[in-house]
Amino acid sequence: MFRNHLKIALRQLGRNKLFSTVNILGLSLGMAVVTLIALYLHNEFNYDRWMDQSELTYRVYRDWDGGGKVIWTPSRLAEKLMADYPEVQVATGLGPSGETLLEYAGQKRYIKETAAVDSTFFRTLALPFRYGDPQTALDQPNGMVISRRLAETIFGDKNPLGEVVRFGGEDDYAITGVIDLGARHSHLDYDLYTRFQWYADSWTGNNRATYARLHPQVDVAGLEERLTAEMTDLMRREFLAMNYEPNAGDFPKWKLQPLDKVHLHSADFSFLAKAGGNIRSIYLFALIGLLVLAVAIVNYVNLATARASQRAKEVGVKKVTGAVRWQLTVQFIVESILQSLFAAAIALLLAELLLPFFNAVVGRDLDVLSAQPAWIVLGVLGLALLTGLLAGVYPAFVMSSYRPVTALRSGFLRSGDKGLFRKVLVTGQFTITIALLIVMGFIYRQVNFMIGHELGFQPDQVMLIPLNFNSSHYRVERLKSEFEQIEGVQSLTTASRFPGQFLPDWGVIVEGRAEGESPYVIFADADYARTLDLQMAKGRFFAPDIAADTIDHWVVNEAFVRKAELEEPLGARLKFSADSVYGQIIGVVKDFHLKGLNSEIRPLVMHGYHQRWYAGLKLSTSDLSATIAAVQQLWKEVEPNHPMRYSFLDDDFAKQYDEQQRLGQTIFYATLLTLFIALLGLFGLTAFNVERRTREIGIRKVLGSSVSGIVRLLSRDFLQLSGLAFLVALPVGYYFADRWLADFAFRTELSWWVFALAGLATVLVGLLTVGLQGVKAALADPIESLRSE
Amino acid sequence: MITLSNLERFYTNASQKTYVLRDLSLKIEEGEFVTIMGPSGAGKSTLLNIIGMLDQPDRGEYHFFDEPVHKLKEKKRQELHKYYMGFVFQAYYLIDELTVYENIETPLLYRKVKRSERQSRIADILDRFQIVAKKDLFPHQLSGGQQQLVGVARAIVGNPKLLLADEPTGNLHSSQGEVIMDLFRQLHRDGMTIVQVTHNEKYAQYGTRVVELEDGFVRQDVAL
Ligand SMILES: Nc1ncnc2c1ncn2[C@@H]1O[C@H](COP(=O)(O)OP(=O)(O)O)[C@@H](O)[C@H]1O
Ligand SMILES: [Mg+2]
C-alpha cells in the first residue's frame, strides 16, 4: 500500500514538472532559511551555557532602578566577595584593556581584543585550555593566556607554553595557557589575557566587571540584598570623606546576572565588554524564518487545492475500488511529505551555499554540516516531516472528502472550487511581502537620514590616531607645529575621546547645589573645537595661551546648561565629585551629536586635564596617501616602538549604525525571499489557470478578443487580491515601522510615498509574473488549443 | 440477493424537487445477469450507484441478502461495497499514474490481500484476459478496448459477488465491445451476478433479463 502511494506520488511529480518545481523550490528555500536561522538561534542560546558550573556563575551589575544597568564595578569587589561572603566559591575581575601592541621575534602586531583579569579568572570561568593549566596559569604576574586563534597566527602549530613576548611595548610576558573554545561560543572571547597591573582603592570608582561562582543552593536574592546594603554603606562613607553629601539617587542596587543570560539579555546595559547578542534580534529572526516558511507552505496548499479537481477521478476510482477516506488522506500527506523531503535535501545544499552570506548578515561564524552533521540532518529531516504535514494536511483533507459519485460525474473536473480560501492565502502572502517592504523602506530611510544628518561638527577628513600611552600626548604637542606644517594638515588636537566613541560619565557638582550631575566628560586641548569645527553658543573655547584653561576651566554644552538649569552659565563653577577645587565655566558649545542619532544629545562637560587617548588631525588634501605617509613618518618620533594606527572620524561615527544597517540588510533579504517565493506561487497558480482556461481563451480569441483583453482577463483576480493585500499591509507596515522608529531620538518622518512605492513595486512584479504567461497564452494558436480538447 | 422496495431519489434544485427514481421496486437473485435499459436521464446510473452503495436513496428500502442497507452506518456500507461489489465504467477510469498491473492490484491492496496471493491472482487474471504482455504499460499506451479489459479485470480481481457495469461498451467499437460482452457471459457462466446498463439491444441479449427504466419507473421487466 505504502509503495503504491510512493509510486503515484513520484509519477505525479514527474508528470507535473512545473508544479513540482514550484513546490519544491519554494519549500527548499523556506527550509534552508529555517535551517540557517535554527542554527543561529541554537548558537545564540548556547553562549556560555556549556561552561562547567555555568549555572552557578554570575556577573555582578549595578541597577539604577530605571536609570539603566551598568556592568562596571569597583576594583576590589571580587576580593571582597571572596573574603566576606561564604556563599561565594570564587570571584574574579575583568577589564578590557583595548588594542595593544604585541611583539614576538621582531614581529609587531596590534591585538584588538585584550583583557586584564585577576589571577582567579580561569578558576571562576571554566574556559577550556588546549595548553597549560587554568588553575595556575595566572599565578605569576607576568603570565599570559592567549586564544588558540592568536597562538596559531604567532606560533603556528607548535605548543607556545613558555615563549616570551613583549606586550604594550614595555613588559615581557611568558605564555602560560592557550584557550580553545572549539565550536562553542562565549561572550568571553578575548584573544589575550594578562593580570591586572593596577587597582583603584575606591568603592565609588567602577572600572571592571566582576564575576562570581556561588556554592549550590545559595539564596541569590538574599545575597544581592546584603551586597547592596554593604556597598551602599561603603560608598556613603567614601562620599562623606570627599565632603559630598550623597542622596538616595547616588546608590544603585547591586545584582547578579546569571552567566547564561549575559549574551542575550544585556542589550539594556550601558556598556558591553563585547558586541553581544540581543534577544530582540532572536525574536526577529525566528519571526522571519516562520514567515518565509509559511509563505512557501501556502504555495503548496494553494497549488494542491487548485489542482485538486484533477485528482478527483483518482479519488473516485479508489473509493469505488474499496479505499476509505483516511487511506486517501494518508496517501496525499505521503505525497506532500515526499515533496518536502526532496526539498529538504536541496535545502541542506542551499543552506551550505548561503552560509557565508548569512554569517555576514548575522555577524557570526556558523557551520552547517561540518559542526554536527547527525544533529543537523536529523533536524532537517524533522523539519521536512513537519513542513510536509503542515502543507499536506489541508489539501489531503479536501481531496479525500470527494464522494465517488460526484467526483466521477463529468463536469466536476472542469469546475473546481471557487478558490476563496486560496484567494485569502494569496492575499496573506502579498500582505506579508508589502508590509516587509514598507518596514525595510523606513529602515533604509532612517539609516540614510542618520548618515546624512547635520551633526553639529565636521567629521569629514578628521584622522584619528590612538595613543598607546597617555604620556605620548606631550610629545605630540611638542611636535605640533611640525605636524601642522605637513602639506594637507590643517590642525591637530589631542583629546580623551571623540564623538561616537565610548564616553565616560563622571560625577560633577555645580557649586552651591545639593544634587550632583553625571554628564559625559571629554578632556581636550584648545584645538579640539577648531579641528571638529564646533560652534560656540556663548563665551569662548579653551585658548592655548591661557594657563588656567588647562587647569580648572570648563566648557559645557547647551544640554548641560539646560539639565543643570544654569541661568548664567558663564562664570558658574563646577568640580568633579572627587575633586576639592571648583573651576569656572568659560564657554558654552552649541549642542553637537556625541552619539548616533538614536540617542538624545546628553549633557557634556569638557576639561583641559591631561588625559588624552587620541590625536585628531583635520586634513584638507587632494593627495590623502601622501599626507598620511608624512604623518606616519613624523609619528615615529612620538611612539618609536609602536606602529601608527589611524581611522577616520566619519567612518567611525557611521559604525554606530552598523546594527541598524545589518537589520536593514536582514529585512532586505527576508523581503526578497518572501517576494520570490510568493511570486513563484503566483506563477504556479497562473500556469494552472491558463492550462484550465486554454479552451476558453481559444474561444475568446476566435470570437475576436485582443491579446490585451486576454491578459486583462487573467490578471483581474491578482489585481484585486494585491490591492486588498496593499490595504491590509498599510496599517501593519505602519505599526511596525512606527514602533521601530520610536527607538530613535532623531528620526525621518513616515512619508506616504514609501508606502505607495512598496505597494506599487509588489503589484507590478506580480502583474509581470501573471501578465507574461497571459501574453503567451493569448498568442498561442487558438485552433490548436481547441483541437487538443 | 438484492431487494429494492419503493425507492425514491430526487435532487433539490432551486427549491424544486426533481425526481430521478420514484417508487422503484426490484428484486435480483444470485446468478442473474440483468440488463438495465432506458433513455438517457432515466436514472439508470443512479440506480446502479445505489445498488453499488455509492449513493443512498432518499426513501425506500434496500436489502442486500439479509442486510438492511438503508439502515446501515456509512462505515458498514463501505465494507459491504468493498467486499461484494465490482464496478466497471463507461470511461474505464483507470489511474493514469499506475501500470496495468498496478491498476489491477489496487482493490487487493485495499482488501489487505497478502503479497504472494496478490501476485498469483493478478497473474491468473492477466492470463485469462490475455493481457500479460501489457502488464507494465500505462493506460494511455492502451487502446480503449484494452483499457476496458483492464477495467473489468480490476473489477473482478477481488472476487466480488456482484459486478456492476455502467455502459461498459459505450466508448468502444463493436468488435471491442463484443470481446467485453463475451467476457461477461463467461463470468456469468462461472457464477457471477451481473447488472449492466447498455443502450445496445444486441448486448442486452447476453443477459438473462431486461429491465427498462423510464422517468424513474420500471416500465418493463422481461426475462429472456
Ligand atoms: N448530483 C446530481 N445533481 C443533480 N442532478 C443529478 C445529479 N446526478 C444525476 N442527476 C440527474 O438525474 C437524472 C438521472 O441521471 P442518471 O441516473 O445519470 O441517468 P442515466 O444514467 O439514465 O442517463 C439526470 O437528469 C441527471 O441530470
Ligand atoms: Mg448514465
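The values are calculated or read from the model by the stated rules, or taken from the named source; none is laboratory data. Nothing here was measured: the structure is a model prediction, and the numbers come from that model. Note that each Cβ is placed from the backbone with ideal geometry, even for glycine, and that neighbours are counted across all protein chains shown.
Determine, yes or no, whether A:T92 is more than 30 Å from A:A286 (Cβ to Cβ) and either touching an Asp or Glu at 6+ places or on another chain (Cβ under 7 Å) or small (G, A, S) (or both).
yes
Residues that are more than 32 Å from the chain's Cα centre (by Cα) and among the charged types (D, E, K, R): find the helices (runs of 4 or more DSSP H) completely inside the range A:49-158 holding 1 or more of those. Even if it seems obvious, please write down each step before you answer.
Working: elements: A:77-84, A:121-124, A:148-155.
Output list reads A:77-84.
Any idea which of A:L724, A:L750 is aliphatic (A, V, I, L, M), surrounded by fewer than 20 Cβ atoms within 10 Å (Cβ to Cβ) and not in a helix (DSSP H, G or I)?
On the way: A:L724 fails: not in a helix (DSSP H, G or I).
A:L750 is the lone residue from the list that is aliphatic (A, V, I, L, M), surrounded by fewer than 20 Cβ atoms within 10 Å (Cβ to Cβ) and not in a helix (DSSP H, G or I).
For the range B:1-40, give me every one of the strands (runs of 3 or more DSSP E) that falls completely inside it and has 3 or more residues that are surrounded by 13 or more Cβ atoms within 10 Å (Cβ to Cβ) and within 16 Å of ligand 2 (Cβ to nearest atom). Even if it seems obvious, please write down each step before you answer.
Details: elements: B:2-13, B:16-28, B:33-37.
Correct list: B:16-28, B:33-37.
Would you check if there is a residue in the range B:138-147 being among the polar types (S, T, N, Q), more than 25 Å from B:E29 (Cα to Cα), away from ligand 2 (no atom under 16 Å from the Cβ) and not in a helix (DSSP H, G or I)?
Yes, the range B:138-147 contains at least one residue that is among the polar types (S, T, N, Q), more than 25 Å from B:E29 (Cα to Cα), away from ligand 2 (no atom under 16 Å from the Cβ) and not in a helix (DSSP H, G or I).
Look through B:V150, B:V113 and report the one residue that is away from ligand 1 (no atom under 16 Å from the Cβ) and either hydroxyl-bearing (S, T, Y) or within 19 Å of A:F2 (Cα to Cα) (or both).
On inspection, the qualifying residue turns out to be B:V113.
Quick one: in the range B:79-116, of everything that is at the interface with another protein chain (Cβ under 9 Å from one of its Cβ atoms) and in a strand (DSSP E or B), which residue is farthest from B:F129 (Cα to Cα)?
B:M85
Quick check on the range B:180-206: of everything there that is within 14 Å of B:Q90 (Cα to Cα) and away from ligand 1 (no atom under 16 Å from the Cβ), which residue is surrounded by the most Cβ atoms within 10 Å (Cβ to Cβ)?
The extreme case among them is B:M181.
Six or more apart or on different chains, Cβ under 9 Å: which pairs go from a residue in the range A:399-410 that's farther than 11 Å from B:S45 by Cβ to one that's exposed (fewer than 13 other Cβ atoms within 10 Å of the Cβ)? Could you list them?
Once the first residue is farther than 11 Å from B:S45 by Cβ and sits in the range A:399-410, its partners that are exposed (fewer than 13 other Cβ atoms within 10 Å of the Cβ) give A:S400/A:W326.
With the structure loaded, tell me whether A:S580 is within 36 Å of the chain's Cα centre (by Cα), at pLDDT below 95 and surrounded by fewer than 15 Cβ atoms within 10 Å (Cβ to Cβ) or whether it fails that test.
Taking the combined requirement at face value, the residue does not satisfy it.
Considering only residues that are free of Cβ contacts under 8 Å to residues at least 12 places away in the same chain and within 14 Å of chain A (Cβ to nearest Cβ), which ones fall in the range B:4-48?
Within the range B:4-48, B:Y11, B:S40, B:G41 qualify.
Tell me yes or no: at least one residue of the range A:672-683 is closer than 22 Å to A:D743 by Cβ, of a type outside the set (K, R) and assigned to a helix (DSSP H, G or I). Walk me through it before giving the result.
From the range A:672-683, those closer than 22 Å to A:D743 by Cβ are none; that's our starting set.
The answer is no; no qualifying residue exists.
Name the residue, out of B:G60, B:G52, B:G43, that is small (G, A, S), within 16 Å of ligand 2 (Cβ to nearest atom) and out of contact with any Gly (no Cβ under 8 Å at 6 or more places or on another chain).
Of the residues listed, the single one that is small (G, A, S), within 16 Å of ligand 2 (Cβ to nearest atom) and out of contact with any Gly (no Cβ under 8 Å at 6 or more places or on another chain) is B:G52.
For the range B:51-66, how many residues are among the small types (G, A, S) and within 14 Å of chain A (Cβ to nearest Cβ)?
Number satisfying all stated conditions: 1.
Looking for whichever is more than 14 Å from chain B (Cβ to nearest Cβ) and surrounded by 20 or more Cβ atoms within 10 Å (Cβ to Cβ) here; the options are A:L259, A:L290, A:L328. Which one fits?
A:L259
Looking at the range A:237-245, can you tell me whether even one residue there is closer than 21 Å to A:E511 by Cα and in contact with a helix residue (DSSP H, G or I) (Cβ under 8 Å, 6 or more places away or on another chain)?
Looking for residues that are closer than 21 Å to A:E511 by Cα and in contact with a helix residue (DSSP H, G or I) (Cβ under 8 Å, 6 or more places away or on another chain), one finds at least one in the range A:237-245, hence yes.
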